[in-house]
Amino acid sequence: MKFKIEKKLDGKLGRTGILETPHGSIETPAFVVVGTKGTVKSLNPEQVKDAGTQIVLGNTYHLYLQPGDKLVKKMGGLGKMMNWNGPTMTDSGGFQVFSLGVAYGKGISKILQITDPSLLIPERFDDSSAPKLAKIGQDGVSFTSHLDGSIHYITPEKSIEIQHNLGADIIFAFDECTSPSEDFKYQEEALDRTHEWAKRSLREHNKLNTENKVALFGIIQGGREEKLRKKSAKIISEMEVDGQKFDGFGIGGSFAKEDMSTAVKWVNEILPEDKPRHLLGIGEPEDLFMGIENGIDLFDCVLPTRLGRNGTIYTKNGKIHITNNAYREDLTSVDEGCECYTCKNYTTSYLAHLFHGKEMLGGTLASIHNVYFIVNLVKQIRQSIIDGNFEGFKNNFLNKYSKKD
């Protein structure tokens with residue numbers, strides 16, 4: 001993997017670049033479309049590509065359980081299996097430590113809204129009756145399969161082995177994603193564990209990466225704590241095993257919506273400039289602008305297709321809910337001026353009809369538009385940096401866009 005910076009954003013950490021992988025080059029900043037189980041939900045690979053997608057992400061935990069990483073390897077790897085010819089990446093399973101552990105069954109997000117004081121209560125407590133599918137130990141994490149209840153113990157070495165079997169171009173070190181409301185003491189304990197797992201991940205990767213075709217990103221954690229975020233950025237960026245360092249970096253874990261930009265800036269001011277940075281699991285339009293001006297090169301998020309399947313559609317004037325009665329007789333396209341397949345061929349009224357009638361095509365058409373909208377928004381932001389008009393483009397877009405779910 002090679003990364004070259006093309007142009008820097010004046011007075012900011014943002015930049016444009018080219019990221020070269022064995023399966024093609026990626027123009028950065030770029031949005032990574034999530035194909036959790038080897039499929040972007042409700043879309044075929046041609047539709048994903050036609051939306052402008054450059055790279056797709058698969059989920060290590062889910063693919064390990066079904067169909068199994070060894071079977072994926074027999075099928076030629078993630079890209080070959082899903083008929084995707086471009087670059088791919090896989091996460092480490094670290095997010096499932098959070099989502100299937102402390103957050104399981106509680107509806108807790110990795111993004112904390114400070115305005116809701118009830119979420120400031122720590123969730124880490126001794127309650128044997130509380131359902132959890134992930135239990136953390138110093139050596140790894142014990143997962144209870146949500147499919148059949150079987151027990152699986154994932155260590156850093158196991159995570160790296162699984163990801164090598166999945167065959168992605170870019171993989172991530174195993175980490176612990178913590179809840180945004182954990183106290184400092186636990187965040188510090190989890191951070192030390194993540195750093196130890198990162199070292200073990202890098203060592204195992206060196207053993208398996210004999211052809212030097214796979215890039216490994218280390219993950220920075222530390223929650224909302226400045227001290228811990230900066231400590232993690234320094235340790236992960238300097239970490240070296242057998243003469244090898246991480247090829248890039250993921251910024252993971254939990255944030256408060258109100259201070260996410262500060263946390264990202266803390267990290268990227270420390271990370272080496274010549275390596276790519278990925279903001280894990282973040283993808284709302286306003287967050288894309290924030291991340292890019294603070295030095296993020298890659299994003300991934302499930303929201304474009306998740307919202308699309310449930311009838312929430314991005315437009316330049318904000319999100320709309322297609323099942324609202326106001327759209328039943330709207331004969332315009334869902335987002336005037338949009339060049340996606342959906343907007344060029346169907347009316348808003350027809351999409352509303354599909355959702356009211358519970359037709360599968362509705363979710364597909366809405367997801368096509370949402371993926372196109374987010375992928376191409378990042379491309380437009382990239383072009384605005386090249387053209388020297390980032391601030392103007394950002395202000396113009398955000399003045400029109402209002403997040404009214």
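The values are calculated or read from the model by the stated rules, or taken from the named source; none is laboratory data. The structure presented is a predicted model; accordingly, all values stated were derived computationally and were not measured. Here Cβ is always computed from backbone atoms with ideal geometry, including for glycine, and neighbour counts include all displayed protein chains. Just so you know, the surface numbers come from the protein's heavy atoms only, side chains and all, with ligands and any DNA or RNA stripped out. Shrake-Rupley method; radii C 1.70, N 1.55, O 1.52, S 1.80 Å.
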Looking at H195, H164, which is the one that is in contact with a helix residue (DSSP H, G or I) (Cβ under 7 Å, 6 or more places away or on another chain), closer than 23 Å to E226 by Cα and modelled with pLDDT of 90 or more?
H195
Do you know which of the residues in the range 358-405 that are in contact with a Lys or Arg (Cβ under 8 Å, 6 or more places away or on another chain), part of a helix (DSSP H, G or I) and open to solvent by 40 Å² or more (accessible area, probe 1.4 Å) is nearest to E284 (Cα to Cα)?
K400
Among (1) under 16 Å from G14 (Cα atoms); (2) under 16 Å from the mean Cα position of the chain (by Cα), the one test that G252 misses
(1)
Would you please list the contacts, defined by Cβ atoms under 7 Å and residues six or more apart or on different chains, that run from a residue in the range 341-357 that is under 22 Å from E46 (Cα atoms) and part of a loop (DSSP other than H, G, I, E, B) to a residue that is open to solvent by less than 20 Å² (accessible area, probe 1.4 Å) and not polar (S, T, N, Q)?
Y346/L365
How many of the residues making up the range 157-193 are among the aromatic types (F, W, Y), open to solvent by 10 Å² or more (accessible area, probe 1.4 Å) and touching a residue at least 60 places away in the same chain (Cβ under 8 Å)?
1
Examine the range 209-216 for a residue that is open to solvent by 70 Å² or more (accessible area, probe 1.4 Å), over 16 Å from P272 (Cα atoms) and of a type in the set (V, I, T), and state whether such a residue exists.
yes
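Take the residues in the range 145-156 that are of a type in the set (S, T, Y) and touching a residue at least 12 places away in the same chain (Cβ under 8 Å); name whichever of them is nearest to R200 (Cα to Cα). Show your work before the answer.
Let us first name the residues in the range 145-156 that are of a type in the set (S, T, Y), namely 145, 150, 153, 155.
Restricting the remaining residues to those that are touching a residue at least 12 places away in the same chain (Cβ under 8 Å) gives 145, 153, 155.
Working: S145: 24, Y153: 16, T155: 9 Å.
By that ranking, first place goes to T155.
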Single condition G11 does not satisfy, out of (1) surrounded by 15 or more Cβ atoms within 10 Å (Cβ to Cβ); (2) part of a loop (DSSP other than H, G, I, E, B); (3) not aliphatic (A, V, I, L, M):
(1)
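Can you confirm whether the range 248-267 contains a residue that is within 26 Å of S159 (Cα to Cα), open to solvent by 10 Å² or more (accessible area, probe 1.4 Å) and touching a residue at least 24 places away in the same chain (Cβ under 8 Å)? Give the derivation first.
First, the residues of the range 248-267 that are within 26 Å of S159 (Cα to Cα): 248-255, 264, 267.
Applying the additional criterion that residues be open to solvent by 10 Å² or more (accessible area, probe 1.4 Å) yields none.
Scanning the range 248-267, I find no residue that is within 26 Å of S159 (Cα to Cα), open to solvent by 10 Å² or more (accessible area, probe 1.4 Å) and touching a residue at least 24 places away in the same chain (Cβ under 8 Å), so the answer is no.
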Quick count over the range 59-103, residues being touching a His at 6+ places or on another chain (Cβ under 9 Å), among the hydrophobic types (A, V, I, L, M, F, W, C) and either within 28 Å of E46 (Cβ to Cβ) or at pLDDT 95 or above (or both), is 3
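Could you grab me the full set of residues in the range 243-279 that are in a loop (DSSP other than H, G, I, E, B) and modelled with pLDDT of 95 or more?
Taking the range 243-279 and keeping what is in a loop (DSSP other than H, G, I, E, B), we get 243, 245-247, 252-254, 269-276.
Within the range 243-279, G243, K245, F246, D247, E269, I270, L271, P272, E273, D274, K275, P276 meet the criteria.
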Among the residues listed as P22, P45, P29, the single one being without any contact (Cβ under 8 Å) to a residue 60 or more places away in the chain and either open to solvent by less than 10 Å² (accessible area, probe 1.4 Å) or at negative phi (or both):
P45
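Any residue at all in the range 287-295 that's within 30 Å of I220 (Cα to Cα), part of a loop (DSSP other than H, G, I, E, B) and modelled with pLDDT of 95 or more? Outline the logic, then answer.
From the range 287-295, those within 30 Å of I220 (Cα to Cα) are 287-295; that's our starting set.
Now narrow it down to the ones that are part of a loop (DSSP other than H, G, I, E, B): 294-295.
Remaining after also requiring modelled with pLDDT of 95 or more: 294-295.
Checked against the condition, which is being within 30 Å of I220 (Cα to Cα), part of a loop (DSSP other than H, G, I, E, B) and modelled with pLDDT of 95 or more, the range 287-295 yields at least one hit.
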Of those in the range 276-331 that are in contact with a Gly (Cβ under 7 Å, 6 or more places away or on another chain) and among the aliphatic types (A, V, I, L, M), the residue farthest from E27 (Cα to Cα) is I322
Could you please find all residues in the range 66-80 being part of a helix (DSSP H, G or I) and either in contact with a strand residue (DSSP E or B) (Cβ under 9 Å, 6 or more places away or on another chain) or open to solvent by 50 Å² or more (accessible area, probe 1.4 Å) (or both)?
K70, L71, V72, K73, K74, L78, G79, K80
Among the residues of the range 308-335, which ones are in contact with a helix residue (DSSP H, G or I) (Cβ under 8 Å, 6 or more places away or on another chain), assigned to a helix (DSSP H, G or I) and either surrounded by fewer than 19 Cβ atoms within 10 Å (Cβ to Cβ) or at pLDDT below 95 (or both)?
R309
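Inside the range 194-208, can you point out the residues that are open to solvent by 40 Å² or more (accessible area, probe 1.4 Å) and touching a strand residue (DSSP E or B) at 6+ places or on another chain (Cβ under 8 Å)? Talk me through it step by step, then tell me what you get.
So the first thing to find is which residues in the range 194-208 are open to solvent by 40 Å² or more (accessible area, probe 1.4 Å), and the list is 196, 199, 203, 206-208.
Correct list: K199, R203, N206.
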Applying the selection to the range 268-297, what residues are open to solvent by less than 20 Å² (accessible area, probe 1.4 Å) and among the small types (G, A, S)?
G283, G291, G295
